[in-house]
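Notes follow the structure.
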Amino acid sequence: RCWHWLRSVGKMAGAEVVACASSDPKIARLKELGADHCINYKAQSFLDGVKEIYGKPRLDGSGGVNVAVNFTGGDTMKETQRCVALHGRILTCGATAGYDLNIDARFWWSYEHQMLGSNGWMPEDLTRLLSLIAEGKFNPVIDKVLPLEETSEAERILEDREVVGKVLVKP
């Protein structure tokens with residue numbers, strides 16, 4: 001849901017970005033937006049996709065990703081742990097798949113992962129975000145702009161996951 005954030009912030013930090021989505025049109029859009037690698041998790045698990053790109057995380061420090069951002073929570077956390085390299089970080093900032101996380105403590109301690117939570121919308125975060133937009137360093141992805149009268153349609157396309165980026169409702 002926050003691909004544009006990950007892509008922009010990840011790229012600003014100098015990261016190679018892997019984006020995951022549920023359809024080929026969304027994958028195409030993510031590539032247009034600059035994702036280095038894309039995984040359609042309906043066709044292949046994101047764990048298998050990460051292993052194909054970077055190899056399986058190993059205790060010698062090879063393989064896996066250094067940082068994984070998990071926006072969904074629920075049963076996706078265990079696979080996320082299995083993607084992350086030795087001394088890697090997992091950031092959780094959402095739980096659209098559920099609040100009860102299924103984790104594997106062995107990966108947490110064996111790979112010495114840092115698991116971080118963030119709501120990301122503290123006043124200072126928003127101030128910094130608006131500054132980055134004003135400076136032209138961050139360009140939010142706006143998928144659709146709808147009039148106020150179409151608020152229910154805006155809600156529907158969000159719930160049906162038909163967008164890449166944000167939907168704005170304009171008075």
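The values are calculated or read from the model by the stated rules, or taken from the named source; none is laboratory data. This structure is a prediction, so every number in the text was calculated from the model and none was measured. Every residue, glycine among them, receives a Cβ derived from its backbone with ideal geometry; neighbour counts consider all protein chains shown. Heads up: the accessible areas ignore ligands, DNA and RNA and are worked out on the full protein's heavy atoms, side chains in. Shrake-Rupley method; radii C 1.70, N 1.55, O 1.52, S 1.80 Å.
ASP104 satisfies every condition listed in (1) in contact with a helix residue (DSSP H, G or I) (Cβ under 7 Å, 6 or more places away or on another chain); (2) surrounded by 15 or more Cβ atoms within 10 Å (Cβ to Cβ) except (2). Here GLY88 fulfils each of the conditions (1) small (Gly, Ala, Ser); (2) open to solvent by less than 40 Å² (accessible area, probe 1.4 Å); (3) over 19 Å from the mean Cα position of the chain (by Cα) apart from (3).
Scanning the stretch 140-155 for residues that are at pLDDT 95 or above, of a type in the set (A, V, I, L, M, F, W, C) and open to solvent by less than 70 Å² (accessible area, probe 1.4 Å) returns LEU146, ALA154.
Listed here are the residues, each with its yes/no results for (1) touching a Phe, Trp or Tyr at 6+ places or on another chain (Cβ under 7 Å); (2) among the β-branched types (Val, Ile, Thr).
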position	(1), (2)
LYS31	no, no
GLY34	no, no
ASP48	no, no
LYS51	no, no
VAL65	yes, yes
PHE71	no, no
THR76	no, yes
VAL84	yes, yes
ILE103	no, yes
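Against the conditions (1) more than 22 Å from ALA21 (Cα to Cα); (2) β-branched (Val, Ile, Thr); (3) in a strand (DSSP E or B), VAL167 satisfies every one except (1). In the set ALA68, ALA85, ALA43, ALA95, only one residue is free of Cβ contacts under 8 Å to residues at least 24 places away in the same chain and assigned to a strand (DSSP E or B); that residue is ALA68.
If you take the residues in the stretch 66-78 that are within 15 Å of ALA19 (Cα to Cα) and under 13 Å from the mean Cα position of the chain (by Cα), which one is most open to solvent (accessible area, probe 1.4 Å)? The qualifying residue most open to solvent (accessible area, probe 1.4 Å) is VAL67. The lone criterion from (1) in a helix (DSSP H, G or I); (2) under 26 Å from GLY34 (Cα atoms); (3) open to solvent by 80 Å² or more (accessible area, probe 1.4 Å); (4) of a type outside the set (Asp, Glu) left unmet by LYS137 is number (1). Scanning the stretch 29-39 for residues that are surrounded by 13 or more Cβ atoms within 10 Å (Cβ to Cβ), more than 13 Å from the chain's Cα centre (by Cα) and free of Cβ contacts under 8 Å to residues at least 24 places away in the same chain yields LYS31, ASP36.
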